[in-house]
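A.B. asks: This is the structure I want to talk about, given as structure tokens.
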Amino acid sequence: MKKLALALLLALAPLAGFAASEEHADHTKDLIFEWVNLLILGGVLVYFARKPVQDYLGSRRDTIAKNIATSEQLLRDAEAKLAEWNTKAARLDADIVEIIEATRKGAQVEKAAILADAEATASRIRQSASGVVERELRAARESLRKEAAELAVTLAGTILREQTTDADRSRLVDEFIAKVESGPGAGGAH
């Protein structure tokens, strides 16, 4: 209330100077009434609107403070994310080198496994081929022996026919008949 009275006095002080001169008396009266009306209106507005305006301004101040706090938190979060992504970007080159090295090592291990498998397969093929060759050699030797034996028998038969005379043939036939007649036990007596 004291503030209102002080404001009223300050507002009316300039009007007192205007009221002193008579020529401005009418004009001053009108001006005083306008100022008084203005002061009354201002007083009524302040009296009735003070609480809602204070509430509005207080809630607006709280809202702005909350928005500022939220914005600050969002800024801190964004800065943390930026730092995290910068760290990830810095590690990206190292990760790429690591992936390439791991892939290279994996390829070398796989290459070694493939080569070992190929060596084992080649060894089995060599062993199998060696076995087949040995069997074929044995079969060829056996075939050659049979052929040599047959050839020897044929050659011996040819030689015997050429060198044996009719008298030798007759004697051999007689000896054979004598062996057959004497029986199975007498074959070695002659």
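A.B. asks: For the range 123-133, state whether one or more residues are surrounded by 10 or more Cβ atoms within 10 Å (Cβ to Cβ), out of contact with any strand residue (DSSP E or B) (no Cβ under 7 Å at 6 or more places or on another chain) and at pLDDT 90 or above. So that I can check it myself, show each step before the final result.
C.D. replies: Going residue by residue through the range 123-133, those that are surrounded by 10 or more Cβ atoms within 10 Å (Cβ to Cβ) are 123-133.
From what's left, out of contact with any strand residue (DSSP E or B) (no Cβ under 7 Å at 6 or more places or on another chain): 123-133.
Checking which are at pLDDT 90 or above leaves us with none.
No: the range 123-133 contains no residue that is surrounded by 10 or more Cβ atoms within 10 Å (Cβ to Cβ), out of contact with any strand residue (DSSP E or B) (no Cβ under 7 Å at 6 or more places or on another chain) and at pLDDT 90 or above.
A.B. asks: Quick one: would you say residue 55 is at pLDDT 90 or above and among the acidic types (Asp, Glu)?
C.D. replies: Details: at pLDDT 90 or above: yes; among the acidic types (Asp, Glu): yes.
Yes; evaluated as a whole, the condition is true for this residue.
A.B. asks: Right, next: Could you say which residue among 117, 166 is loosely packed, with under 10 Cβ neighbours inside 10 Å, on the phi < 0 side of the Ramachandran plot and of a type in the set (Asp, Glu)?
C.D. replies: 166
The values are calculated or read from the model by the stated rules, or taken from the named source; none is laboratory data. Just so it is clear, the model here is predicted, and its values are computed rather than measured. Here the Cβ is made from the backbone with ideal geometry for all residues, glycine too, and neighbour counts use every protein chain on show.
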